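K.L.:
Here it is, the structure in full.
Where a number appears in this text, it was derived from the coordinates with a stated rule and is not lab data. All figures in this text were calculated on a predicted structure; none of them were measured in a lab. Methodologically, a virtual Cβ is constructed for each residue, glycine included, from the backbone with ideal geometry; neighbour enumeration extends over all protein chains shown.
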Amino acid sequence: RTAVDIAPQTVARLRHAHDNIIGIKETTKDFEHFSRVLHLCGRDFLMWSGIELLCLPLLAIGGAGFISAAANLAPATVARMYTAYTTGDHTTALDLHYALHPLVDLLFVETNPAPAKWVLHQRGHIASPHVRPPLITPTEPGIARINELLQLSEGLQ
């Protein structure tokens, strides 16, 4: 987590200078950046989104996929969204994209990944909701909000 963007021109220079650079995970909300990287690096360059709500739109401009924290909570739904998009069922992909919004909001009720780990612990998928310092497990108000968002996303798997 550096919070430092690499300029599209720099990504392209590195990609063209080194055969083993074949893709990048982008964690920016700037779609112009996405587009410029893909344009400068070539259509065979692989790009994954690290921003949950930009996963589906990135596919539309040639992205390879996404790194999804929401997939920890609803793996089947996230996989269905990806498959629906890649098989041309864009209506279903959009429906699932919007259905995932409460889970995406849940991830950031408090510092990620604490909310996701708390939910996974509550569901019995992991032994502990512990997060490394300086992060903390969700607070009581955070847990209340997490539970509200879980109710809104009921049925997502």
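K.L.:
Long-range amide H contacts for G63: which residues qualify at under 5 Å (H placed 1.01 Å from N, peptide plane, sequence gap of 5 or more or a different chain)?
P.N.:
Those lying under 5 Å, H to H, from G63: there are none.
K.L.:
Moving on. Would you indicate which of (1) 10, 34, 30, 21, 5, 0; (2) 10, 36, 38, 16, 0; (3) 10, 27, 27, 19, 12, 5, 1 is the value of P(r) over Cα pairs in 10 Å bins from 0, in percent derived from the coordinates of this structure?
P.N.:
Identified label for the calculated read-out: (1).
K.L.:
How big is the gap, in Å, between the Cα center of the range 136-151 and the Cα center of the range 8-77?
P.N.:
Their Cα centres are 31 Å away from one another.
K.L.:
By average Cβ neighbour count within 10 Å, what is the ranking of 68-79, 7-18 from highest down?
P.N.:
The peptides rank, most packed first, as 68-79, 7-18.
K.L.:
Under a GNM of the chain (C-alpha, springs under 10 Å), which listed residue has the highest mean-square fluctuation: E110, E26, E140?
P.N.:
So, out of E110, E26, E140, the one fluctuating most is E140.
K.L.:
Follow-up. Excluding D105 itself, what net charge comes from residues whose Cβ is under 11 Å from its Cβ, given Lys and Arg +1 and Asp and Glu -1?
P.N.:
So the surrounding residues net to -1.
K.L.:
Now, a different point. Which trypsin sites (Lys or Arg not before Pro) does the range 110-157 hold that lie in a coil by DSSP with at most 10 other beta carbons within 10 Å?
P.N.:
Hits after loop and neighbour filter: R123.
K.L.:
How high is the FRET efficiency from T92 to R36, r the C-beta distance, R0 35 Å, rounded to 0.05? Please report the intermediate quantities before stating the final value.
P.N.:
Working: r = 30 Å, r/R0 = 0.86.
The computed FRET efficiency comes out at 0.70.
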